[in-house]
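Peer 1: Here it is: the structure, laid out below.
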Amino acid sequence: MNKSKGFLSWFLICNIAIVVSTFIHECAHGLSNWLAGYSVSTGFNRVGNVYMSPRDADFRTGWTGGEILKDMGPAVTLLLAIIFTIIFLRLKYRNTLLHKSILAVAFSNAIIRLIPCVIVIIRMIAFSSGMEDETQQGEAWAQYFGWSFFSYIPLIMSIAVSLLCLFLIYRKFFSIKATKNIIVNPSWVWLAYVSSFIILNILDNFIRINWVA
């Protein structure tokens with residue numbers, strides 16, 4: 001396989017990894033809301049009212065989900081990042097489809113939470129407000145425990161775990177790159193994160209799961 005085809009296949013693997021990982025993340029949201037007694041619909045990007053999709057005008061009108069104490073969305077994504085990072089670290093890496101997929105899933109799940117968390121911090125600094133999975137869960141924790149500091153814990157945890165996984169992935173990658181002919185580059189996942197948004201938003205309108213409590 002020449003380098004151009006190798007990079008193209010790697011970019012495709014990265015997009016698939018992000019799309020599948022995001023779908024799992026959204027399903028975890030749906031399950032969490034269902035267990036909490038809320039009826040919602042999930043797809044590939046957003047959670048909203050049951051039997052509706054993002055293209056519907058009332059997709060989130062009167063929606064009561066979101067701020068739940070045990071939202072498994074971020075936790076599942078971080079768990080996947082940790083598991084696949086550990087697997088990648090233990091691999092005797094070769095340029096096989098399996099090994100490239102493991103690297104893509106590990107890297108994808110790390111940035112899936114890191115990027116939104118960084119964006120929400122920028123919004124909080126610039127506009128004194130920002131809403132993301134971690135901030136919604138943090139508000140639920142703060143209300144439950146009666147201590148405002150708990151509102152920041154999910155955000156801190158997501159950033160810390162994501163950065164640790166990325167550091168370990170990059171360290172392993174550069175250590176094996178020095179001794180092997182590796183045609184992949186984990187940094188391509190950042191670009192795939194942007195391109196996968198188009199895929200996710202299209203699928204989000206057509207493939208939905210209704211979690212009826």
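The values are calculated or read from the model by the stated rules, or taken from the named source; none is laboratory data. The shown structure was predicted, so the numbers you read here are calculated from the model rather than taken from an experiment. Virtual Cβ from ideal backbone geometry, glycine too; neighbours counted across all protein chains shown. Each accessible area value is taken on the protein alone, full model and side chains, heavy atoms only, with ligands, DNA and RNA left out. Shrake-Rupley method; radii C 1.70, N 1.55, O 1.52, S 1.80 Å.
Peer 1: Check off (1) assigned to a helix (DSSP H, G or I); (2) in contact with a Phe, Trp or Tyr (Cβ under 9 Å, 6 or more places away or on another chain); (3) of a type in the set (Ser, Thr, Tyr) for Tyr38 and give me the number that stays unchecked.
Peer 2: The one condition Tyr38 does not meet is (1).
Peer 1: Say we look at region 41-62 and pick out the residues that are free of Cβ contacts under 8 Å to residues at least 60 places away in the same chain and assigned to a strand (DSSP E or B); which of these is surrounded by the most Cβ atoms within 10 Å (Cβ to Cβ)?
Peer 2: Val47
Peer 1: Which of the residues spanning region 198-213 are without any contact (Cβ under 8 Å) to a residue 24 or more places away in the chain and within 24 Å of Phe7 (Cα to Cα)?
Peer 2: Of everything in region 198-213, just one residue is without any contact (Cβ under 8 Å) to a residue 24 or more places away in the chain and within 24 Å of Phe7 (Cα to Cα), namely Ile198.
Peer 1: Shifting gears a bit: Taking the stated definitions as given, is Phe107 assigned to a helix (DSSP H, G or I) and surrounded by fewer than 19 Cβ atoms within 10 Å (Cβ to Cβ)?
Peer 2: no
Peer 1: Which condition number does Asn185 fail, the rest of (1) without any contact (Cβ under 8 Å) to a residue 60 or more places away in the chain; (2) farther than 25 Å from Arg46 by Cα; (3) not aromatic (Phe, Trp, Tyr) being met?
Peer 2: Of the numbered conditions (1) without any contact (Cβ under 8 Å) to a residue 60 or more places away in the chain; (2) farther than 25 Å from Arg46 by Cα; (3) not aromatic (Phe, Trp, Tyr), the odd one out for Asn185 is (1).
Peer 1: Also, quick follow-up: At pLDDT below 95, over 15 Å from the mean Cα position of the chain (by Cα) and not β-branched (Val, Ile, Thr): which single residue out of Ala213, Ala192 fits that description?
Peer 2: Ala213
Peer 1: I've got another one for you. Which numbered condition trips up Ile83, out of (1) open to solvent by less than 20 Å² (accessible area, probe 1.4 Å); (2) modelled with pLDDT of 95 or more?
Peer 2: With respect to (1) open to solvent by less than 20 Å² (accessible area, probe 1.4 Å); (2) modelled with pLDDT of 95 or more, Ile83 is out only on (1).
Peer 1: Quick one: how many residues across region 121-140 are at pLDDT 90 or above and among the hydroxyl-bearing types (Ser, Thr, Tyr)?
Peer 2: Residues in region 121-140 being at pLDDT 90 or above and among the hydroxyl-bearing types (Ser, Thr, Tyr): 1 in total.
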